[in-house]
Structure formats: C-alpha cells, structure tokens
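One structure is given here, and the rest of the page talks about it.
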Amino acid sequence: MASRGDLKDNGAMTKEASARRPSASHWGAFDAEVRNGRVVALRPAAEDPQPSPLVQSQLDALYADNRVSRPMVRAGWLEAGPGGRRERRGAEPFVAVSWDKALELVAGELARVKSRHGNAAIYGGSYGWASAGWFHQANFQLHRFLNCFGGFTAKTDSYSYAAGMVLMPYVLGSKDLVAGRSHAWDAMLGNTRLMVMFGGLPLKNTQVDFGGTLAHTTADWLRRIKAEGTEFVGITPHRGDLPDFLAADWLAPRPNSDTALMLALAHTLLVGGLHDRAFLDRHCIGFARFADYLTGKTDGVVKDCAWAAAITGLGAADIAALARRMAMGRTLITVTWSLQRADHGEQPYWAAIALAAMLGQIGQPGGGIGFGHACEGGIGLPRERVANPRLPIGDNPTGSSIPVARIADMLLHPGQSYRYDGRTHRYPDIRLVYWSGGNPFHHHQDLNRLVAAWRRPETVIVHDPWWTAAARHADIVLPATTGLERNDIAASSRDPFVLAVHQAIAPVGQARNDHHIFAALADRLGFGRGFTEGLDEMGWLRRLYGELRASAERKQVAMPEFDRFWAEGKVAIPAPDEPFVALADFRRDPERNRLPTPTGKIELFSDTIAGFAEPDCPGHPAWLEPVEWLGSPVAARYPLHLISGQPRHRLHGQLDIGSASLAAKVAGREPIQINPQDAAARGIRDGDVVRVFNDRGATLAGAVVSDAVMPRVAYLTVGATYDPLEPGRPGSLDKHGSANLLTLDKGASNLSQGPIAHSCLVEIEPYRQPAPRVTAFEAPATRN
Ligand SMILES: Nc1nc2c(c(=O)[nH]1)N[C@H]1C(S)=C(S)[C@@H](COP(=O)(O)OP(=O)(O)OC[C@H]3O[C@@H](n4cnc5c(=O)[nH]c(N)nc54)[C@H](O)[C@@H]3O)O[C@H]1N2
Ligand SMILES: Nc1nc2c(c(=O)[nH]1)N[C@H]1C(S)=C(S)[C@@H](COP(=O)(O)OP(=O)(O)OC[C@H]3O[C@@H](n4cnc5c(=O)[nH]c(N)nc54)[C@H](O)[C@@H]3O)O[C@H]1N2
Ligand SMILES: [Mo]
C-alpha cells in the first residue's frame, strides 16, 4: 500500500545495531550515526572547512517534544465541519485521529471544494524552504498532487527576491543574475581592485544553500580575494555584515536610502566625465533619459552628493570620494537580496545596474555588478551549468496564481483587482488552503493581519514535522517526516556536489513522507497511478538521477551510474574551464549576443515599464521614498528602523528549538540589537526584556546593546516562533520576539508586488512587568 511505503526498508537501512548514513541538508552534508534505530550524532562532512552549528540543531529538533506525533484535527472543524468555529483557529485544542480517518477527511474536503467551487478555490502556493532533497521536496509534492487533481491557485516569485526578479527581465532580459547565477569568486581573484558591497557580505547567511551543500567555502574565497589586494567598502546598517578579515570601510546610510546614494555616485561620475560613454552607447539604451533625471532636467532636483547626504545621513564629501575611487580601476558592485526586500525594492537594483553601466565594466572579470553574494553559500561558486533533478509537477489547468506575498490580500479581498507585472488581475475566492513545506506564520509580513485573513478559508491543511505557528493555526495537521527519515538526492543549483541522502531511521512517531501521504490521497481520489507513475521511492530517485546525468552529459560532464553514486554518497560537478563572468558574451559582441530585452541592450530606460504607467515604478531608476523609513512622517512616532535580517542561528523558523537558536536567546526571547545611544535614551540595559511595537503589533524581545548596529536602527532577526499571549486573536501581544508582528504587508510596487520586510519603523520600551512565559516550543493542547 502506497501510504505505508515510508515505513519500508528500502535497502538503505540496515539491521545492524550501529551504522553511519550519509545525509544532507540546506545547512550542510553530514553522516548520521545511528544506534539501535536512533540517531545519536550528526557529524559534518569531512570536506566542510566550516560546518554550520545548525547540524547539531537538527539533531536537537529531531526528537523534540514539539514534533507532531500523530494526525490532528482542530476540535471545531471536527465537530462542526468545514468552516466550523474558524475564528477559533490557533486557540482551540486538537483531536488526535487515525491516519485512515485523517486521509478520509482530507480527500473528502478536497473533493467537496473542487465540486462546489472549482480547483482555483484551493490555494496550494505553499511557499517555503521545506527540506533539502529533490524528490521529497514538500512543495513540489503538493504541486504535483494538486495538478493531478485538476489544478490549484499557485504563487509566483519568492520572498527572497520578488522585486528584483520581476524587474530584471525588463532591464537585463533574464532573472539569472538575481536568482543566483552571479559573478563567480574565481573571476574576482586578482581582478577586482575595489568591491563595493551594498548590504555587505553577511557570512551568517552563507551557512545555507537551498537544496543542500557540501562545503562552506565563502569565507575561504573572500580571504583569497583579499590576499590578492582587493579593497572593500561595505554599505550596511550593521557592521556584522562585513567580515572582520576584509578590513572593509564601513558606510552606514539610513536603511532603504541606498538608491539615493547610488544616484549621487552616478551623478558624480556624470559631472566629472568619469562615465564610460562607449559602453553606454553600444551596450545600453536610455542613458540620456537617466542622465536628465540625474541632473534634474526632468524634475528640477539635482541628484548630487549634497542631495544624497541629506537623505542618507552620509557626508557629501564621502560620497564624492567613493565615486572617484570606484572610477579608478576594476570595481565590482555587489548588492544583497535584502535591499530589494523593501518598499520600491526594484530601484536599488536598477540604480546599481545603471551605476555599473556608467563604470563600463559589466561583462569583465571582477568588474560590473553582482547580486546575492554571501546571501547563500553557493552564490559565486564555480560550477558547470547542470540542471538539478526536479520532481515533475505537471501543468496547472486553472492558470490561477498570485504574487507570493499577496496572500493576506487574497484571503481578505476575494474578487478585488490588483496590478502586477504590467497587468490587472483579480484575487480568486479561496475556500481551502493547503501548505506543505513552508510556514506563512514565519515568513509573511504583519502577522496580525494574517491571523485575521486566516479566518476566511473554510479549511486549512498543513503538513509539517513540527508544531509551527502555521500548524497551530490549521484545521488538519499531518505529521511529515524529516530528511533523516527517507531516501533522497540533495543538491543546490550552485554548490558543485550532488549528495545522496540515505534514510537513517524509521519515521519518528506516526510521521509519513509527504509523497506517501499524497499517494494515499491520490488513491482515494482515483488518480493514484497518475501521481506515482507506479514508481516507489528508489524508483523515483533512479529516474531523477538519470535526468541529472543526462543533463550533465549534454555539457560533456560524465557522471557515474546511480548505484555507484548511491554507494559513494556524493558526486562532484566540475567547475567550468573559464571563471563565470555574467554578461561576458554580451559585452564582447552586443550585436550578435543581444540580450532578451526589447532593444537587445541593457535598458536604463524601459519603454515597457514606462508604458505600464505605475505611479510607484517609473521608466528609469529613481529615488522614491519608502512608505516607512527614517525620513518619513511615521518616524515621529516610531523613530527606529527595524531590520529583520536572516538569523545566524536558524534557517528562518526552522530549528528555533535547536541549541544554536536557544543559546542566542536573551531572557528566553529573540535578541534585538540596538545602538547604545538609543538604549540610553530609553533606559534600556543589555539583557532587558523590551516591548517592540508600532500600530501593527507588539512583541517582547531581549535587548542586546551594541554599536555594531547604527544609531536609530533596531535589528531583530526574523524567525522566532510566533507565540501569542492570546492565541487566535489578531492584535495579541507576541511573547517571543517574532519580527513579523511589526513588518508591513504591502507590495514593493505595482510592478512586482514583492514583500517589503525591511521597510518598517518601530519604538522600543523596557518591559517593566513580569514577562509572560514563552510557550512556543510546547505542543498545543490535544483531546481524544
Ligand atoms: N521579516 C522578515 N520576514 C521574512 C524575511 C525577512 O528578511 N524578514 N525573509 C523572507 C524570506 S527571504 C524567506 S525565503 C521566507 C522563508 O519562509 P519559509 O521558507 O516558509 O520558512 P521555513 O521556516 O524555512 O519554513 C519551512 C517549513 O517547512 C517545514 N518542513 C521541513 N521539511 C519538511 C518536509 O519534508 N515536509 C513538510 N511538509 N514540511 C517540512 C519546516 O518545519 C518549516 O516549518 O521568509 C521571508 N520572511
Ligand atoms: N543562517 C541563515 N542563512 C540564511 C537564511 C537563514 O534563515 N539563516 N535565509 C536564506 C534566505 S531564504 C535568503 S533569501 C538569504 C537572504 O539574504 P539577504 O536578503 O541578503 O539577507 P538579510 O539577512 O535579510 O540581509 C542582509 C543584510 O542586509 C542589510 N540590510 C538590510 N536592509 C538594508 C538596506 O536598506 N540597505 C543596506 N545597505 N543594507 C541593508 C542588513 O544589515 C542585513 O544583515 O539568506 C539565506 N541565508
Ligand atoms: Mo529567501
């Protein structure tokens, strides 16, 4: 029976009392040491020069009390049916049911919603990172299942870089440069004279790589680049984004003001005659329009250093000096993804491209522009372009989708129209939400608004190994296995290794693989064979590996047979002969190697975007004030800019219960860093419990007073498990420092509708009352 396939011994598990199994995760490869059917240790791969502490956290989480042990149904849903007491989601106890009963309920509900409201009434976007491994990838499993069922409302783009991704095809003709195929480290070695790093190079973020990684080598690459004489300038509100060994000059403009800084740098090049006219003429379109904007011909505002100094808080002379320094030799501009996770997040990306185009080094080794460096471990690694194996998800006949971060809008306003990527769309009327491999109560902005929106659908189904806040706010919760409980193939699209994931232990509790849950549902709904294609787990792995091998062969890369790969545990995809330099072919011959933009060139003015006539995204890079920043009127009441960057000690909301995350908590809550000046002005001491608040919500965090963060900025890493004092009530105080209680749920612009987590103002005060106990890691109340 398909639904029991997860319990089978597929040959990978042995009967020995003690064994070591190769495995891999987003945060690294390791061996699982198994004794008497239990994992007793996870040992990072010998090849990893800098293993992540998250490996240990994974073991801490594996058997934690907050694993979902059995299928669970919210009492109100079970008693009153779909929609039953839905305003009590998050507040009611759960009732344990058998797998048979759970599958019957889910299959019945899917069939009901489909026949009453159509497939588009099912939201299955299910954004999230899930676990490494391309077969058991939980989102793809759901998407394949729902497509076989007739389709669903899907999502487009990602929380990582929606604004950049939607913009880029208009400017460079491709999303590649933003989506991780950026300038390679080996192209910088000995070539880059100056690296100007917007958002820094935050090594904390290189611990992970989507899909799995073998070795953490970013720091080694940077040390080598530094040793060749490269100089570094870091532009960030937080000194921690600049590895000490780079000895970088630190500039700290007000958050979200980078576009103004870039425009002033561009203006300085222009008036000083330091721009590369030949490159702009031959490779770009629209420079004259952009120049008219810089000089103020179009709007009467000269974008000079004095203008930018007033916006950014930097010194005008410092800006001018940086511009001249950039024009002196080979300069690489790097921009982290964080800059575009902000209101008008398209602009710093477009402005950075315009600035690099003026320097004229795009397409040269070690020069030009790169995105996402140090945002994940694999960015910049040399690797031949071989496509990763992917579970085929089939076609979605509904054609229905939303921009990923518009989920609360969709649930709150069915039928309402919105603009996206040059068109007007309408939100579908969602009756059923199905999530597998993501956590909207981690990733979405303005959680109080999400809690309210979450009361709308009739049914919410979540698969997760743990009692996340999303699981707690669901109606039906199905316990999923983790990577240690199944066989898989892991690989990121940038790390040069493909890794075998051997099942180490039988599923914990009653957990089942997402694949087997969907296979059992498909059986009940009459398309079991279509979903599984008659393949079992190892059959699928052989097939996916075969596809990878074929893709490698097309690039003249020989890969071993599956059995050898499986036994050896990994295989390397070699580096290309030449270091990868983005846009090198285009630079060499722009007529022959036209970009896939309308003009074939880099578009510094886009007629297409101008034609969309969006008030918040004009036809060229421009400074548009963010809705919240230190220069906006809201700052009178909420004078601190909140940056909710990625956590060093977790992956998003995952592993919050692990030792690395728990050790970083302050007073049992997520740490919030504030500058000594701001702390003193509020009577806040290091280690205090503080209340962080604005009009959208309030959360209790633990204060860390540090001059690593610039004045008037508060840094609260995202991902502390949402832990409301009054569960289910929008507006409840959160006890645990969850940043998304505070952030704003608005699209970056009508063009991209990207999330804007990094545009957020708050106030902080000491919390003088006894602080409520954190309950985030306890399983919710259950009833029989
Ligand atoms: N304020 C603020 N918010 C942000 C950001 C920010 O910078 N600031 N960053 C945004 C970004 S870039 C991202 S990518 C998102 C990340 O948001 P998510 O990717 O949604 O966050 P995760 O916590 O990784 O959620 C993955 C979930 O999948 C579960 N899971 C793991 N393995 C499996 C499996 O095999 N099966 C099933 N069914 N479930 C599994 C995990 O337990 C976890 O609950 O957050 C976004 N939110
Ligand atoms: N350990 C760990 N690593 C991760 C993740 C994780 O959860 N944990 N998540 C992964 C994911 S999904 C993604 S998408 C990437 C995200 O990669 P990024 O989006 O780059 O990550 P962030 O941590 O949000 O931001 C990086 C730095 O940018 C700076 N910054 C923020 N706003 C501004 C601004 O307006 N101007 C300037 N100049 N700087 C600013 C902040 O100081 C912050 O530390 O990280 C990945 N890496
Ligand atoms: Mo992300």
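The values are calculated or read from the model by the stated rules, or taken from the named source; none is laboratory data. Just so it is clear, the structure is predicted and the values come from calculations on it, not from any experiment. Here Cβ is always computed from backbone atoms with ideal geometry, including for glycine, and neighbour counts include all displayed protein chains. The accessibility values were calculated without ligands, DNA or RNA, using every heavy atom of the protein model including side chains. Shrake-Rupley method; radii C 1.70, N 1.55, O 1.52, S 1.80 Å.
Things worth noting here:
- The simple Förster model, with R0 at 60 Å and r as the Cβ-Cβ distance, assigns ARG324 and ARG768 a FRET efficiency of 0.70.
- If you sort MET165, MET358 by accessible surface, 1.4 Å probe, largest first, the order is MET165, MET358.
- Region 658-784 - Rg (one decimal) and Dmax (whole number), Cα, Å: 15.4, 54
- Over the chain, relative contact order from alpha-carbon pairs under 8 Å, at least 6 apart, %: 21 percent
- Extension gain, ALA681 back to ALA96 (0.36 nm per residue minus Cα-Cα distance, nm): 205.5 nm
- Loop-resident sites, region 499-599, for trypsin sites (Lys or Arg not before Pro), counting at most 10 other Cβ within 10 Å (DSSP): ARG592
- Karplus (6.51, -1.76, 1.60) ³J(HN,Hα), θ = phi - 60°, over region 581-589, in Hz, Gly and Pro reported as x: 10, 4, 6, 5, 5, 4, 4, 4, 8
- Here the sum of -39500 (n - 2.57) over DSSP H runs of 4 or more residues, divided by the residues of the chain, equals -8000 deg cm²/dmol at 222 nm, to the nearest 500.
- Sites listed here are trypsin sites (Lys or Arg not before Pro) in region 353-392 whose DSSP assignment is loop and whose Cβ has at most 16 other Cβ atoms within 10 Å: ARG385, ARG390.
- Binning all Cα-Cα separations of region 71-179 at 5 Å, short to long from zero, yields these whole-percent fractions: 2, 10, 13, 15, 18, 18, 9, 6, 5, 3, 1.
- P(r) weight above 20 Å for region 514-659, C-alpha pairs, percent: 78 percent
- Between region 244-277 and region 73-115, the Cα center-to-center distance that results, in Å: 55 Å
- The accessible area of VAL705, taken with all protein chains in place and a 1.4 Å probe, comes to roughly 50 Å².
- Length gained when the stretch ALA506-ARG85 is fully extended (0.36 nm per residue, less Cα-Cα span): 147.9 nm
- Solvent-accessible surface of the chain, averaged per residue with a 1.4 angstrom probe and all protein chains in place: 33 square angstrom.
- Accessible area of region 325-448 belonging to carbon and sulfur atoms, whole % at 1.4 Å probe: 44 percent
- Extent of region 637-685 along its three principal axes (Cα atoms, max minus min coordinate, largest first): 34, 19, 15 Å.
- With all pairs of separate Cα atoms included, the chain yields a Kirkwood hydrodynamic radius of 26.9 Å.
- For region 422-442, backbone nitrogen atoms closer than 20 Å to the point 7 Å from ALA111 Cα along Cα-to-C-beta are found at 431-434.
- Gyration tensor verdict on region 342-418 (Cα atoms; rounded if a/c is under 1.5, prolate if a/b is larger than b/c, oblate otherwise): oblate
- Within the accessible surface of region 735-784, defined with a 1.4 Å probe on protein heavy atoms only, the carbon and sulfur portion equals 47 percent.
- Amide H contacts of ASP495 (H built 1.01 Å from N, in plane; Pro and chain starts excluded): no residue 5 or more places away or on another chain comes under 5 Å.
- When the C-alpha to C-alpha distance is required to be over 21 Å, the pairs from LYS226/LYS601; LYS204/LYS665; LYS204/LYS226 that qualify are LYS226/LYS601.
- Förster-model FRET efficiency, 22 Å R0, SER493 and ASP563, C-beta, rounded to 0.05: 0.35
- Using R0 = 60 Å, the C-beta based FRET efficiency linking GLU778 and ALA310 works out to 0.75.
- Take every Cα pair under 8 Å whose residues are at least 6 apart in sequence, average their separation, divide by the length of region 376-467, and the relative contact order is 25 percent.
- Gain in span if fully extended, ARG390 to ASP249, counting 0.36 nm per residue against the direct Cα distance: 46.5 nm
- Label-point separation, GLN50 to ALA708 (7 Å along Cα→Cβ), nm: 1.4 nm
- Contact order normalised by residue count of region 168-294, Cα under 8 Å, 6+ apart, percent: 21 percent
- Nearby lysines by direct alpha-carbon distance to LYS746 (threshold 17 angstrom, same-chain neighbours under 8 apart not counted): LYS155
- Counting only protein heavy atoms and a probe of 1.4 Å, the accessible surface of region 643-695 is 51% carbon and sulfur.
- Of the residues LEU733, LEU411, GLY683, the one whose Cα sits farthest towards the positive end of the charge dipole of the chain is LEU411 (charges of +1 on Lys and Arg Cβ, -1 on Asp and Glu Cβ, taken about the Cα centre).
- Size of region 328-383 as Cα extents on the principal axes (Å, biggest first): 32, 29, 16
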